[in-house]
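S.K.: This is the structure I have questions about; it appears just below.
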Amino acid sequence: MPFPLSVEQKQTAFWVAVWAAFFLLLVTLGPVLTPFLAAAILAYALNPGVDFLDHLRVGRLKLRVPRPLAVLLVVVLFFAAIAALVLIVVPVLQKEIPMLQAQIPAFLAKANDLLGPKLQEMGVKVRLDSDGIKKLVSQQMATSGDEIWSAVLNSARVGGTAVLGWIATLVLIPVVLFYLLLDWHPMLARIAGCVPRRWIGATMDMANEVDTLLAQYLRGQLLVMFVLAVYYSAALAIAGFDVALPVGIITGLLVFIPYLGFGLGLVLALISAVLQFADWSGVIAVAVIYGAGQVIEGFFLTPRLVGERIGLNPLAVIFALLAFGQLFGFVGVLLALPASAVLMVAFKHLRRHYLSSSFYNA
């Protein structure tokens, strides 16, 4: 015969079921929540700036900026910094792409002279110059034109939907960010008010510990970005690259997005090497600079300046990147280290509770 549940146990079961249903709803609405999640992360990072302006003092003189104006200033400055980064990238691309297009026929001619005889020895009769590639493309279009057009149309439909989704997300993020920053402290108070009173002390202790760890993570990440921007700019300038400063800044500042900053900087540097240097010395210099940069970042800067600040050893940092990338894709890679810091705090409190439990000590 089952034991009857007490009133408290029934209430606990009810609210556990309600919260489980709530989190299931959040998981189901994952794609819709993307701009809100991105805005919440940005709001957490930018709120100290808003609080600084909101409580600004010079000596004994209060120069308090109204919070709506402070939020507007911080949001405008943040997106102005992003626009400045784009304005650094665009002139480099505008300079290099036409030069690269002008060099393509010469590249194809060299490739044909180098690889053409070897391909003919293997029975492949293809010319790798401009005329040969045009002829090959026209033949493929003639033999499988319907399939190609079908694939292009399908890609256009999928790509168009994805582009509209990205545009909607980019439009929503600033709006959501503004209102989150405006209502940040009352919102946190309402969240704290939802926590059961028996757990409020432990919950606030964990929240303060997580906040400290994430602040250390952000400071460490900013330091890594600065060091790498200086390194890549200086190394490319020493190697004689004309675009050393913008390419180095791009590579360093985008390092917080794993692979993207490094990949974009590497591509820009390789294009510059091909266009600026007549021999292979530029390409070799890029390979050495970016290879050394990856070693410095992966084995020294990120583990020591980011990993050690949040209490993760280098092996844990590597595992976190791989695990969150496997579970959540590209977004998981972005959130791997801060999410690991949060989980580490939760695990530490869970371990402490476990070691003091009767189950462990009996």
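The values are calculated or read from the model by the stated rules, or taken from the named source; none is laboratory data. Note that the structure is a prediction, hence the values are computed from the model and not measured. As a convention, Cβ positions derive from the backbone with ideal geometry for all residues, glycine included, and neighbour counts pool all protein chains shown. Areas reflect the complete protein model, heavy atoms only, side chains present, ligands, DNA and RNA absent. Shrake-Rupley method; radii C 1.70, N 1.55, O 1.52, S 1.80 Å.
S.K.: Out of VAL224, VAL288, VAL283, I need the residue that is among the hydrophobic types (A, V, I, L, M, F, W, C), open to solvent by 50 Å² or more (accessible area, probe 1.4 Å) and modelled with pLDDT of 85 or more. Which one?
M.R.: Numbers: VAL224 fails: open to solvent by 50 Å² or more (accessible area, probe 1.4 Å); VAL283 fails: open to solvent by 50 Å² or more (accessible area, probe 1.4 Å).
Being among the hydrophobic types (A, V, I, L, M, F, W, C), open to solvent by 50 Å² or more (accessible area, probe 1.4 Å) and modelled with pLDDT of 85 or more holds for just one of VAL224, VAL288, VAL283, which is VAL288.
S.K.: Could you list all residues from segment 154-199 that are modelled with pLDDT of 55 or more, more than 30 Å from ALA70 (Cβ to Cβ), open to solvent by 60 Å² or more (accessible area, probe 1.4 Å) and aliphatic (A, V, I, L, M)?
M.R.: VAL163, LEU164
S.K.: Quick check on LEU322: is it modelled with pLDDT of 75 or more, part of a helix (DSSP H, G or I) and within 21 Å of GLN294 (Cβ to Cβ)? Write out each step before concluding.
M.R.: Values: modelled with pLDDT of 75 or more: yes; part of a helix (DSSP H, G or I): yes; within 21 Å of GLN294 (Cβ to Cβ): yes.
Yes.
S.K.: Answer yes or no as to whether VAL267 is open to solvent by 50 Å² or more (accessible area, probe 1.4 Å), under 19 Å from the mean Cα position of the chain (by Cα) and within 19 Å of LEU85 (Cβ to Cβ).
M.R.: Values: open to solvent by 50 Å² or more (accessible area, probe 1.4 Å): yes; under 19 Å from the mean Cα position of the chain (by Cα): yes; within 19 Å of LEU85 (Cβ to Cβ): yes.
The answer is yes for VAL267.
S.K.: Give the residues of segment 270-280 that are open to solvent by 20 Å² or more (accessible area, probe 1.4 Å), in contact with a helix residue (DSSP H, G or I) (Cβ under 8 Å, 6 or more places away or on another chain) and either farther than 21 Å from LEU228 by Cβ or not aliphatic (A, V, I, L, M) (or both), sorted by residue number.
M.R.: To start, the set of residues in segment 270-280 that are open to solvent by 20 Å² or more (accessible area, probe 1.4 Å) comprises 270-271, 274-280.
Checking which are in contact with a helix residue (DSSP H, G or I) (Cβ under 8 Å, 6 or more places away or on another chain) leaves us with 270-271, 274-277.
VAL274, LEU275, GLN276, PHE277, listed by residue number.
S.K.: Another question, then. Can you pull out every residue in segment 24-60 that is under 23 Å from PRO186 (Cβ atoms), open to solvent by 100 Å² or more (accessible area, probe 1.4 Å) and at pLDDT 80 or above?
M.R.: Listed by number, the list holds a single entry, PHE52.
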